[in-house]
Structure formats: structure tokens, C-alpha cells
Amino acid sequence: MAAFQKSRAAAVGTLVKGVSALLDAAGVKVVIGNARFVGRTRVCVEIGEESVRYFDFKDVVIATGSRAIEIEGLPLDGDRVVEPSRALEWTQVPSSLLVAGDDYIALEIAVAYARLGSKVTLAVAGDRLLPDFDRDLSAAAIRGAGTAGVEVVLSADPVSLAEKAERVVVSAGRRPNVDRLDLQTTGLASPKGFFKVDPQLRLDRHVFAIGDVTEGLPLAHRAMMQGRVAGDVLGGKAGAFDARAIPRAVFAEPEIAAVGMTEAEAHAAGIEVAIGRFPLVALGRAMIESSTTGFTKLVFAKDGGTLIGAHLAGPRSTELVAEMALAIEMGATNEDLALTVHAHPTFAESLMEAAEVSLGRPIHVRRPARS
């Protein structure tokens, strides 16, 4: 763990310095402090305990991020009971660890520490892990966690389970950091939850919001793209944020990735679908690497065959999902994907094969039985 912490600090330090250098090269003035609004077009920044600076603006972007939510009965103490980011700072592997949560962060922390040798219990409040993913991915996540040595307890009371654990990680969602901004001084009301923004990321004509403070997935790549759109709009360019193809990546056992609609979401929206599912056990590259656990599941609109969702479990899934995000953005169909030549032997072939299955003409698996 000492070597891990040294490597982690070096990686983070390099990335932070790189971003600082980019800001400096672009002529961005950075002021570090605690900011709040003190008027419709003015911000006050407290720098340290005694210094205060004021900035007048024409336009402002709120990008203050979010913080961890606590679970009743398990208050975060920064030592034994912590949020996930603090768990990455430990210098010793706990002999026993309870992870409370059902999201991808909880799963990643649980699998990581199980691989490091900790006896890990993952306490899930509901009836399935990763409840906002496709059900097939949820099932794959539970199987994979078990393979990695994690005990998954569904419909669990984390408070009672925490008593026997040396340390506890709580991953119960995020809360936007907006309560100390004094938004009322701008004429805007503080949101009860997350900001609702228009496609240009505006709250009003001159106030924008991006990232974890806005409704949607709390993902770094989503926030970055929102920032790019807001920058284009502020620079006078045409721009709009489209959230239909935001990929999600879970670095666990196995790797899991998804983009677009789940099968259940499509049905709820009244869309008749064609499903293409291809098991990795039928894939040459998976056999070569002895990594045959997993599958590719593609969801196509039956009318026209347009790809509307992709759900992947297995090696390279977090990389392959980029092709599926592009396919959704481009309006690709199952015919397009099936006729796109993929190199052999690769895991990417599973995408082409799944498209063939959805068309009812699979080559390397048996044709699904007619219902």
C-alpha cells in the first residue's frame, strides 16, 4: 500500500500540474478560495481567513461539484467510516471491510480491496446491484463480485453489518455543492436537488451550470463535455448538450460498460426492440485469453434497426463502449454494425456478432429459438 500511495500521488500530481499548465497557457487566471454570490453580477471569494476579493462578471458558470451523502446510523468520521475517495488514501489493507452502496463506485471499491486481500462485504439496500444498469449487467456484476471474493448481501441493513467490520466505506450517492453559494442574491432560487439546465447549460441568460450540480450522471466525462458546450455557447458558437450517448464504465470484475437505453427503458418508452446478445465464450480472442465470462447485449429499435443501447460485460468493455457511443451518435443500425469489418481475433468482434444475432442471422452462435 505504501508503494501504491506513492504511485497514486505521483500520477495525481502529474495530472494536476498538466491541467494547471494548460490553464496558464490559455491565459486563464486562477484564484483559489471559497466563492459565493453577493449580487446579480458579483462574486465574493474568501482567500484564507483574512483576504477577500470581489469579481464582477457578465457571465458565470457554476461548477462546484458534489459531496458524499451519509447513511443514517453510519456518520462519516474520516477514519473508520469514510466516503470512497478517502478509502483510496489508506496505507494499510483492512482485515475486514464493509462497503455500503449499490452503485458502480461501491462495486469498484469492494472488488479492489478484495483483490488486495481484505475480507469484503458489499451491503446493497435494494434487491439488485447497479440498479440503474440493464438487469443482465446487474446479474453479471453480482457473479463477478463473488468471483473476486466479495460477499454481496442484498436487501441489507448496513448499520448492523458495520459492527463487525474493521473499516466501512459508504457510497450512497452525491449531493450538489450549492448550499453555500447564496444564489438568492442573483435572483435565482436554490434548487431542492440538482440544477435543471437547458441544452446550452443555462440557468438563466448569464448563469450556466455544469457537472455534478446538474441533473444526470455524476461522471467526469459528462462534466467535461458540458464544459465544452458551455464554452462554445459563451464564445458565440452554436452548441447544445445531448445526453443520449453518455457511456458508463465500471472497472470491476468483470469490466462493465453501458451507453444509451436499457431494454426495460425502451419498453417503458413504448419502443419495440430487437435484442442482439453474443456470449464471449463463443469468441476466439476470449478463448485465447481464457476470459470467456461476459457478453455483449445490443438494443435496437425494431422499426429501422437503429442502435439505442449497448450493454457490455467482459474484458475491454470500458474501451469498446466508445464504439457503441459513436454508433448511437451517428444513428447506426444493426445492419451497419453487422457489415462493419472488425479485426480478428479481437473482443470488438462481439459487437458485430451481436448485431448479426439481432438480425436473426448469427454465424458463430446458434440461431435463437423462435418464441
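The values are calculated or read from the model by the stated rules, or taken from the named source; none is laboratory data. Here the structure is a predicted model, which is why all the values come from computation and not from measurement. Quick reminder, even Gly has a Cβ in these numbers, built from the backbone with ideal geometry, and neighbours come from all protein chains shown. Please note that ligands, DNA and RNA were not included when accessible areas were found on the heavy atoms of the full protein model with its side chains. Shrake-Rupley method; radii C 1.70, N 1.55, O 1.52, S 1.80 Å.
Restricted to helices (runs of 4 or more DSSP H) entirely inside the stretch 312-371, those with at least 2 residues that are open to solvent by 70 Å² or more (accessible area, probe 1.4 Å) and either closer than 22 Å to PHE133 by Cβ or modelled with pLDDT under 95 (or both) are 317-330.
Going by what's in this entry, would ALA266 be described as under 19 Å from VAL321 (Cβ atoms), at pLDDT 95 or above, open to solvent by less than 10 Å² (accessible area, probe 1.4 Å) and in a helix (DSSP H, G or I)?
Numbers: under 19 Å from VAL321 (Cβ atoms): yes; at pLDDT 95 or above: yes; open to solvent by less than 10 Å² (accessible area, probe 1.4 Å): yes; in a helix (DSSP H, G or I): yes.
In short, yes.
Of all residues in the stretch 110-137, those that are in a loop (DSSP other than H, G, I, E, B), of a type in the set (S, T, N, Q) and touching an Asp or Glu at 6+ places or on another chain (Cβ under 6 Å) total 0. For the stretch 14-25, the condition of being open to solvent by less than 90 Å² (accessible area, probe 1.4 Å), touching a Cys at 6+ places or on another chain (Cβ under 8 Å) and among the small types (Gly, Ala, Ser) holds for none of the residues.
Among the residues of the stretch 234-254, those that are surrounded by fewer than 15 Cβ atoms within 10 Å (Cβ to Cβ) and among the small types (Gly, Ala, Ser) comprise GLY235, GLY236, ALA238, ALA240, ALA243.
Taking SER7, is it polar (S, T, N, Q) and touching a Lys or Arg at 6+ places or on another chain (Cβ under 7 Å)? So that I can check it myself, show each step before the final result.
Working: polar (S, T, N, Q): yes; touching a Lys or Arg at 6+ places or on another chain (Cβ under 7 Å): no.
Against the criterion (polar (S, T, N, Q) and touching a Lys or Arg at 6+ places or on another chain (Cβ under 7 Å)), SER7 does not qualify.
Might you let me know whether the stretch 32-40 holds any residue that is open to solvent by 90 Å² or more (accessible area, probe 1.4 Å), in contact with a helix residue (DSSP H, G or I) (Cβ under 7 Å, 6 or more places away or on another chain), assigned to a loop (DSSP other than H, G, I, E, B) and under 17 Å from VAL207 (Cβ atoms)? Scanning the stretch 32-40, I find at least one residue that is open to solvent by 90 Å² or more (accessible area, probe 1.4 Å), in contact with a helix residue (DSSP H, G or I) (Cβ under 7 Å, 6 or more places away or on another chain), assigned to a loop (DSSP other than H, G, I, E, B) and under 17 Å from VAL207 (Cβ atoms), so the answer is yes.
In the stretch 204-219, the count of residues that are closer than 29 Å to THR318 by Cα, touching a Gly at 6+ places or on another chain (Cβ under 9 Å) and without any contact (Cβ under 8 Å) to a residue 24 or more places away in the chain is one or more.
Restricting attention to the stretch 122-142, the residues that are of a type outside the set (Phe, Trp, Tyr), touching a residue at least 60 places away in the same chain (Cβ under 8 Å) and crowded, with 16+ Cβ neighbours inside 10 Å total 6.
The single condition among (1) among the acidic types (Asp, Glu); (2) open to solvent by less than 60 Å² (accessible area, probe 1.4 Å); (3) modelled with pLDDT of 95 or more that GLU272 does not satisfy is (2). Residues in the stretch 140-182 that are closer than 17 Å to ASP77 by Cα, assigned to a loop (DSSP other than H, G, I, E, B), under 23 Å from the mean Cα position of the chain (by Cα) and hydrophobic (A, V, I, L, M, F, W, C): ALA172 alone.
When we screen GLY216, GLY231 for residues that are at positive phi and either assigned to a loop (DSSP other than H, G, I, E, B) or surrounded by fewer than 18 Cβ atoms within 10 Å (Cβ to Cβ) (or both), the only hit is GLY216. The residues in the stretch 183-199 that are in a loop (DSSP other than H, G, I, E, B), open to solvent by less than 50 Å² (accessible area, probe 1.4 Å) and not small (Gly, Ala, Ser) can be counted, and the count is 3.
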